[in-house]
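Visitor: This structure is in structure tokens; I'll ask about it shortly.
The values are calculated or read from the model by the stated rules, or taken from the named source; none is laboratory data. It should be emphasised that the depicted structure is a prediction, and the values quoted were computed from it without experimental measurement. Using ideal geometry, Cβ is built from the backbone for each residue, glycine included, and neighbour counts are taken over all protein chains shown. These accessible areas exclude ligands, DNA and RNA; they are computed on the full protein's heavy atoms, side chains included. Shrake-Rupley method; radii C 1.70, N 1.55, O 1.52, S 1.80 Å.
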Amino acid sequence: MNKTILITGGAGFIGSHVVRLFVNKYPNYRIVNLDALTYAGNLENLKDIEHASNYEFVKADIRDGSKMNDLFRQYNFDGVIHLAAESHVDRSIIDPNAFIETNVMGTANLLNAAKSLWANNMEGKRFYHVSTDEVYGSLGETGFFLETTSYDPQSPYSASKAASDHLVRAYGNTYHMPFVLTNCSNNYGQNQFPEKLIPLFINNICNNKPLPVYGDGKYTRDWLYVVDHARAIDLVFHEGRNGETYNIGGFNEWQNIDLIKLLCVQMDEKLGRAPGTSAQLITYVKDRPGHDKRYAIDANKINKELGWSPSVTFEEGLSKTIDWYLENEEWLNHVTSGDYQTYYSKQYS
Ligand code: NAD
Ligand code: TYD
């Protein structure tokens, strides 16, 4: 094993795709997946690689600073890819403190542990912080988020991610911590927890439940297939320039209502329902407080510098995603039992 890499949040949606890619692609790396297994963490996401000889799972909470110090000393990590976070905007509106504790304090704990382990030799070390485009706030009808766009977070989720981004850059500046940072647009794909738009709506269509569209449905997001995000993370981790930020996006903007209509068409086809059946479930509901109007990423920097671009069209990615959910009913049943029902009635009643 020539490197030991810590991946935090590896049992979650994006993290599990990153862990899988690294375990399979880098047999000489020892991959340590650290995750607290919150409602969003699920080891079923990693069944295919759980017995790999270069993979290890550690159940731990990044809010526990002394535990992080112990683990960094024990494993002597060479690199960190930090994805663990509270990640859902609606939950951040219900309970902002959980976001401040995990996203801000948790990130600080990891930075402190890395700083103390690497104090005498930063050579070849790297702290990779995975962040979101939501830190830039909301766009009007035109324009794109660039790496130089000023931060203007509007939700407790995006504010907590913005704070963590600032901490990473501050540790880079003050303590010469070698870091890279990426801000990515909305992801979709296999294993996404059904609280986010696409898997929630797939699940509701399967169960003939209303599709709750916030406000007028004319909010715009830039969607990226999760496997393409994992590919970008691999590239930036290995080839990104130290201290740099890269925006990652799908060049793929959709108004929510148009996306939902496309999803309904694909679902009708796959479920053998008459055209228009799923769209009848569309129900306009009360808007999300402080709802950001539009996100759109300019991903030209990562494209030009590192040669990255998305590999699938949205129609293909969405179709693969739906197929996965239809084939993995058991996974969906597990994650939607218990606490999910409590959250759902609180959010949508
Ligand atoms: P997710 O909610 O699916 O997974 C988060 C993971 O972090 C879970 O496995 C959870 O158990 C773990 N976790 C949460 N709190 C923890 C704690 N205190 N200690 C240890 N582990 C903890 O999230 P995701 O959608 O996979 O997002 C991963 C990262 O990517 C986040 O940092 C998020 O901000 C960022 N991101 C997400 C998107 C998106 O569209 N989902 C887009 C851009 C950036
Ligand atoms: P979401 O998947 O929560 O991602 P984010 O808020 O981080 O962009 O939501 C995507 C868009 O879909 C956003 O504009 C909010 C909207 N939305 C709904 O209209 N209804 C829903 O039930 C959910 C979860 C989201």
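Visitor: If you place +1 on the Cβ of every Lys and Arg, -1 on the Cβ of every Asp and Glu, and leave all else neutral, what size is the dipole of the stretch 64-135 about its Cα centre, to the nearest 20 Debye?
Guide: That gives the stretch 64-135 a dipole magnitude of about 380 debye.
Visitor: Between 0 and 90 degrees, rounded to the nearest ten: what's the tilt of helix 65-75 against the longest Cα principal axis of the chain?
Guide: So the helix axis and the longest Cα principal axis differ by about 70 degrees.
Visitor: A further question follows. Straight-line reach from residue 115: which lysines have Cα under 27 Å away, leaving out those fewer than 8 places along the same chain?
Guide: Qualifying lysines at Cα under 27 Å: 3, 59, 67, 125, 161.
Visitor: Moving to a separate point now. Determine the dipole magnitude for the stretch 1-148: charges of +1 sit on the beta-carbon of Lys and Arg, -1 on that of Asp and Glu, nothing else is charged, the reference point is the Cα centre, and the result goes in debye to the nearest 20.
Guide: Dipole of the stretch 1-148, to the nearest 20 debye: 660 debye.
Visitor: Follow-up. With 10 Å bins from zero, work out the P(r) of the stretch 220-289 over every alpha carbon pair and list the percent per bin.
Guide: 16, 30, 27, 17, 8, 1
Visitor: Then there's this: Starting from 0 in steps of 10 Å, tell me what percent of the Cα-Cα pairs of the stretch 93-174 lands in each bin.
Guide: Result returned by the calculation: 17, 43, 28, 11, 2.
Visitor: Also, quick follow-up: If you roll a 1.4 angstrom probe over the protein chains with everything in place, what fraction of the accessible area of the stretch 211-300 belongs to carbon and sulfur, to the nearest %?
Guide: Of the solvent-accessible surface of the stretch 211-300, carbon and sulfur hold 52 percent.
Visitor: For the stretch 79-100 and the stretch 301-341, what is the centre-to-centre distance using only Cα atoms, to the nearest Å?
Guide: 20 Å
Visitor: Let me ask another. If each DSSP helix of 4+ residues adds -39,500 (n - 2.57) and the sum is divided by the residues in the chain, what number results at 222 nm, nearest 500 deg cm²/dmol?
Guide: Only helices count here, giving -12500 deg cm²/dmol.
Visitor: Specify the inter-centroid distance of the stretch 116-185 and the stretch 229-287, based on alpha-carbon positions, in whole Å.
Guide: A separation of 23 Å, based on Cα centres.
Visitor: Got the relative contact order for the chain handy, in percent, Cα pairs under 8 Å and 6 or more residues apart?
Guide: Over the chain, the number comes to 17 percent.
Visitor: Leaving out ligands, DNA and RNA, what percent of the accessible area of the stretch 74-152 is carbon and sulfur, probe 1.4 Å?
Guide: Summing carbon and sulfur atoms, their accessible area is 47 percent of the total for the stretch 74-152.
Visitor: Using alpha carbons only, how many degrees (0 to 90, rounded to 10) separate the axis of helix 13-25 from the longest principal axis of the chain?
Guide: With both axes taken from Cα atoms, the answer is about 50 degrees.
Visitor: So, for the stretch 210-349, what is the accessible surface per residue at a probe of 1.4 Å, expressed in square angstrom?
Guide: Value for the stretch 210-349: 46 Å² per residue.
Visitor: Can you list, largest first and rounded to whole Å, the semi-axes you get for the stretch 187-303 by taking the square root of 5 times each eigenvalue of its Cα gyration tensor? Let's see the in-between values first.
Guide: Numbers: eigenvalues 192, 57, 27 Å².
Calculated on Cα positions only, the semi-axes equal 31, 17, 12 Å.
Visitor: Here is a further query. Tell me, what is the per residue accessible area of the stretch 2-47 in Å², probe radius 1.4 Å?
Guide: 33 Å²
Visitor: What Kirkwood hydrodynamic radius, in Å, does the chain give when the mean of 1/r is taken over all pairs of distinct Cα atoms and then inverted?
Guide: For the chain, inverting the mean 1/r across all distinct Cα pairs yields 20.6 Å.
Visitor: Expressed as a whole percentage, what fraction of the accessible surface of the stretch 302-345 belongs to carbon and sulfur atoms when a 1.4 Å probe is rolled over the protein heavy atoms? Let's see the in-between values first.
Guide: Working: 1040 of 2340 Å².
In the stretch 302-345, the share of accessible area belonging to carbon and sulfur is 44 percent.
Visitor: Oh, and also: Would you mind getting me the FRET efficiency between residue 244 and residue 320? Use the beta-carbon distance for r and R0 = 41 Å, nearest 0.05.
Guide: So the FRET efficiency works out to roughly 0.85.
Visitor: Another question, then. Pick from 163, 113, 52 the residue whose mean-square fluctuation is largest in a GNM of the chain, springs joining Cα atoms under 10 Å.
Guide: 52
Visitor: Helix 107-117 sits at what angle to the longest principal axis of the chain, using alpha carbons and giving 0 to 90 degrees rounded to 10?
Guide: It works out to around 20 degrees.
Visitor: How long is the gain from residue 94 to residue 37 if the chain were fully straight, where each residue apart is worth 0.36 nm and the alpha carbon distance is subtracted?
Guide: Going from the current span to full extension adds 18.5 nm.
Visitor: Next up: Work the Kirkwood hydrodynamic radius out for the stretch 150-230: mean of 1/r over every pair of different alpha-carbon atoms, inverted, in Å.
Guide: 15.6 Å
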